[in-house]
Amino acid sequence: MSPSYLNLAKQNFKFSSAHFLIFDNQHAEMLHGHNYQVEVVIHPKADFNFEQQGYFIDFADVKLKVKKLCDIWDEHILLPEKHPDMKYKMSQDGKNYDINFRDRFYSFPKSETIWLPITNTSVEQLSKLFAEKLMSEFKGSPVSKIVVTIEETRGQSATTEVLA
């Protein structure tokens, strides 16, 4: 039997976020934003029998999980917690992150900032983190592999595969 898998690329699988990419010890992009689009491919376990129920996972469940993850990052500033040049502390009133990145200083509202456990907010690392988080939502299910593509600009994306 030929393997089947699900493809989901819904219009609402999106998030708009600000970030900047760090290239080397001296170069980094300016703070800017993207309207990211997410696509997901979900593979069943090899021994899953489609004949028994006629499908392997409920689209509605997948859509809820993907949209939930998109909504977390939507309309936030995404920053790399693990980059060695990214230093931050809470403002005195506890409402902002005061951030020093090399010769730059930013102060962002705590409620609008997400520190991600990555070294750079590249589309490659965002797709990997998203895929890992999504896979964790499917523990104990018939899902064997998830493939996540995040497009930051039309025609410019990264794809990550994560196995169960």
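Observations
- The numbered conditions (1) over 20 Å from N7 (Cα atoms); (2) surrounded by fewer than 18 Cβ atoms within 10 Å (Cβ to Cβ) are all true for N120 except (2).
- Selected residue (criterion: farthest from the chain's Cα centre (by Cα)) from residues of region 124-140 that are buried (at least 18 other Cβ atoms within 10 Å of the Cβ) and small (G, A, S): A131
- If the condition is being over 13 Å from S122 (Cα atoms) and touching a residue at least 12 places away in the same chain (Cβ under 8 Å), then region 140-164 contributes S141, P142, V143, S144, K145, I146, V147, V148, E161, V162, L163, A164.
- Looking across region 31-59, the residues that are at pLDDT 95 or above, closer than 13 Å to L6 by Cβ and either touching a Cys at 6+ places or on another chain (Cβ under 6 Å) or aliphatic (A, V, I, L, M) (or both) come down to V40, V41, I42.
- Selection from region 3-60 of residues that are of a type in the set (D, E, K, R) and in a helix (DSSP H, G or I): E51
- Region 102-123 residues that are under 19 Å from E151 (Cα atoms) and in contact (Cβ under 8 Å) with a residue 12 or more places away in the chain, paired with ones that are part of a helix (DSSP H, G or I) and aromatic (F, W, Y) (beta carbon under 9 Å, 6 or more apart): L116/W73
- Residue list for region 75-119, restricted to those being aliphatic (A, V, I, L, M) and not in a strand (DSSP E or B): I118
- The set of residues from region 92-117 being over 20 Å from W73 (Cβ atoms) and of a type in the set (D, E, K, R) comprises D93, K95, D98, R102, D103, R104.
- Test for T113: is it under 12 Å from the mean Cα position of the chain (by Cα), of a type outside the set (A, V, I, L, M, F, W, C) and either over 26 Å from K89 (Cα atoms) or surrounded by fewer than 19 Cβ atoms within 10 Å (Cβ to Cβ) (or both): no
- First in region 85-101 and in contact (Cβ under 8 Å) with a residue 40 or more places away in the chain and surrounded by 14 or more Cβ atoms within 10 Å (Cβ to Cβ), second anywhere and of a type in the set (S, T, Y) and not in a loop (DSSP other than H, G, I, E, B), Cβ under 9 Å, 6 or more apart: F101/Y88
- Per the conditions (1) within 15 Å of the chain's Cα centre (by Cα); (2) over 22 Å from T149 (Cα atoms), the sole criterion not satisfied by I77 is (2).
- Restricting attention to region 146-164, the residues that are surrounded by 16 or more Cβ atoms within 10 Å (Cβ to Cβ), out of contact with any Phe, Trp or Tyr (no Cβ under 8 Å at 6 or more places or on another chain) and of a type outside the set (A, V, I, L, M, F, W, C) total 3.
- The set of residues from region 63-74 being more than 13 Å from T121 (Cβ to Cβ) and assigned to a helix (DSSP H, G or I) comprises K63, L64, K65, V66, K67, K68, L69, C70, D71, I72.
- Enumeration of residues in region 120-164 that are charged (D, E, K, R) and part of a loop (DSSP other than H, G, I, E, B): E137, K139, R154
The values are calculated or read from the model by the stated rules, or taken from the named source; none is laboratory data. Just so we're clear, the structure is a prediction, and the values are computed from it rather than from any experiment. Ideal geometry is used to build each Cβ from the backbone, glycine not excepted, and the neighbour counts take in all protein chains shown.
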